[in-house]
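Take a look at the structure set out below.
The values are calculated or read from the model by the stated rules, or taken from the named source; none is laboratory data. Quick caveat, the model's predicted, so the values are computed rather than measured. FYI the Cβ positions are ideal-geometry reconstructions off the backbone, even for glycines, and counts take in every protein chain you see. The accessibility values were calculated without ligands, DNA or RNA, using every heavy atom of the protein model including side chains. Shrake-Rupley method; radii C 1.70, N 1.55, O 1.52, S 1.80 Å.
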Amino acid sequence: MTMSFRKKLIFYVLLTLSAFILFAPTMLAVVMSFMTSQDILTGSAPRTLITDNFTQAFERFPLFQFLLSSLIVSIVIMIGQIILSSLAAYAFVFLEFKGRDFLFYLFIATMMVPFEASVIPNFHIIRDLGWIDTYQGLTIPFFATTFGTFLLRQNFKQIPKELREASQIAGMGNFKYYVTVVLPVAKSSLITLGIYGFLSSWNMYLWPLLSTTNDSVRTVQIGLKQLQSQEQLNEWGVMMAGAVIVIIPTLVLLFLGQKKLQKGLTEGALK
């Protein structure tokens, strides 16, 4: 056994162990979702696998409504972030104005401000606008994202300036150049930002909890918490079934966009 083969073997063994440790909670949740409450509470191996937990998860609380609300909120935030970030990045790269670089660095500095510090001001704003228990209040505060603007700006900077000069000579305006040239070139980064925005929005808990009181617009993360508090004995099988249903869309999206996500993040890091 050569030294290089031994190193590769150790490396892959460590990767396998790390992947198993990271994925173990998810696998445990999937197994528990098919177990009876008695088996879970006693800690014994499942004698039979049941599917009633998934049925009860939909019957105990409006899971479908929560899923629909989460889907609407996540898609709207994803689209809003893509549009606003791409426009901001275009302005920072292709438009000449005084103080552009200083404004960009000031914009980047906001990444050091934790989200919790902006919760109270944002809450007062949506309350004064009458956006409590509305999709506007759940989505609009998250349209502006520093990470998305930075990612797309780095991508836009790789577009040759000669291409922009040629488009100006041909009489192409900023908006047409933005739509027909810039966005197609940055497709990988746009997909990366879209996946990132969707996953972040889908897993939000604190903001939907503060900005909503009506189940008709509350997201699925709040619904899972309600399911736990409504059960006196905490039927963990039903709760795990609900959790498995919730993570399915994110896993599907992550698997479908994994290559684009890796490519976009790699390009952003290199540029």
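Values computed for the structure shown
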| quantity | calculated |
| --- | --- |
| Test: residue in the stretch 95-107 that is open to solvent by less than 50 Å² (accessible area, probe 1.4 Å), aliphatic (A, V, I, L, M) and part of a helix (DSSP H, G or I) | no |
| Meets criteria (more than 20 Å from I77 (Cα to Cα) and out of contact with any helix residue (DSSP H, G or I) (no Cβ under 6 Å at 6 or more places or on another chain)) for I169 | yes |
| Those residues of the stretch 10-44 which are in contact with a Gly (Cβ under 8 Å, 6 or more places away or on another chain) and assigned to a loop (DSSP other than H, G, I, E, B), in sequence order | F34, M35, T36 |
| Answer from T180, T139 - the residue that is assigned to a helix (DSSP H, G or I), of a type outside the set (D, E, K, R) and open to solvent by less than 60 Å² (accessible area, probe 1.4 Å) | T139 |
| Residue in the stretch 186-194 that is within 21 Å of P114 (Cβ to Cβ), modelled with pLDDT under 90 and assigned to a helix (DSSP H, G or I) present | no |
| Unique match (being open to solvent by less than 40 Å² (accessible area, probe 1.4 Å), among the polar types (S, T, N, Q) and over 30 Å from N174 (Cα atoms)) among S74, S69 | S69 |
| Residue tally, condition open to solvent by 60 Å² or more (accessible area, probe 1.4 Å), in a helix (DSSP H, G or I) and charged (D, E, K, R), over the stretch 144-162 | 2 |
